[in-house]
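The values are calculated or read from the model by the stated rules, or taken from the named source; none is laboratory data. Model, not experiment: these values are computed from the prediction. Every residue, glycine among them, receives a Cβ derived from its backbone with ideal geometry; neighbour counts consider all protein chains shown.
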Amino acid sequence: MPSACTIHWNGNTGGAVKLFTQALHKLAPYPADALGIDLGKLRRESESYLEALRLAVEKGDSGSHPFRPIDIIIIDPILRKQVEEWDKPEEENEEDGKTG
């Protein structure tokens, strides 16, 4: 999904449609709470985004659907903590005795 959003951000609506379609196909077999994230919500938002992109392509107006980010909700507490640690500024990690 991040790649599809990046492609759309760069103005390649057709490429974004292709990547969203491929990503949704690959994620289809997984349950809604797989991979430590709210995959059901991610799929629903991605399907909605994809539909809007498809309509824009059909109209020949790729600019009619502006870019918007899609949030990935982390539901696994261990994964959430790892992401929070990764997202800290480097100085804070060094104070905790961690590097990264």
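Say we look at the range 12-24 and pick out the residues that are in a helix (DSSP H, G or I) and not small (Gly, Ala, Ser); which of these is nearest to ARG80 (Cα to Cα)? Steps first, please.
Initially, the range 12-24 is screened for residues in a helix (DSSP H, G or I), giving 13-24.
Still in the list and also not small (Gly, Ala, Ser): 13, 17-22, 24.
Values: THR13: 31, VAL17: 29, LYS18: 30, LEU19: 26, PHE20: 25, THR21: 27, GLN22: 26, LEU24: 23 Å.
It comes out as LEU24.
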The range 33-44: number of residues that are assigned to a helix (DSSP H, G or I) and touching a strand residue (DSSP E or B) at 6+ places or on another chain (Cβ under 7 Å): 1
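Condition check ((1) within 18 Å of the chain's Cα centre (by Cα); (2) assigned to a helix (DSSP H, G or I); (3) modelled with pLDDT under 80; (4) of a type in the set (D, E, K, R)) across all residues:
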{"residue": "SER3", "(1), (2), (3), (4)": "yes, yes, yes, no"}
{"residue": "LYS26", "(1), (2), (3), (4)": "yes, yes, no, yes"}
{"residue": "PRO31", "(1), (2), (3), (4)": "yes, no, no, no"}
{"residue": "LEU53", "(1), (2), (3), (4)": "yes, yes, no, no"}
{"residue": "ASN93", "(1), (2), (3), (4)": "no, yes, yes, no"}
{"residue": "GLY100", "(1), (2), (3), (4)": "no, no, yes, no"}
Need pairs with beta-carbon distance below 6 Å; first residue surrounded by 13 or more Cβ atoms within 10 Å (Cβ to Cβ) and within the range 76-90, second modelled with pLDDT of 90 or more and in a helix (DSSP H, G or I); sequence gap 6+ or separate chains. ASP76/GLY36; LEU79/GLY36
Do you know which residues across the range 59-74 are of a type in the set (Asp, Glu) and at pLDDT below 85? ASP61
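Among residues belonging to the range 5-20 that are β-branched (Val, Ile, Thr) and surrounded by 15 or more Cβ atoms within 10 Å (Cβ to Cβ), point out the one that is modelled with the highest pLDDT. Before the answer, list the steps.
Kept after step one, since they are β-branched (Val, Ile, Thr), are these residues of the range 5-20: 6-7, 13, 17.
Restricting the remaining residues to those that are surrounded by 15 or more Cβ atoms within 10 Å (Cβ to Cβ) gives 7, 13, 17.
Values: ILE7: 55, THR13: 78, VAL17: 87.
Looking at residues that are β-branched (Val, Ile, Thr) and surrounded by 15 or more Cβ atoms within 10 Å (Cβ to Cβ), I get VAL17.
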Which of the numbered conditions does PRO77 fail, given that it passes all the others? Conditions: (1) more than 19 Å from THR21 (Cβ to Cβ); (2) over 16 Å from the mean Cα position of the chain (by Cα); (3) at pLDDT below 95. (3)
Residue check: is ILE37 modelled with pLDDT of 95 or more and in contact with a Lys or Arg (Cβ under 9 Å, 6 or more places away or on another chain)? no
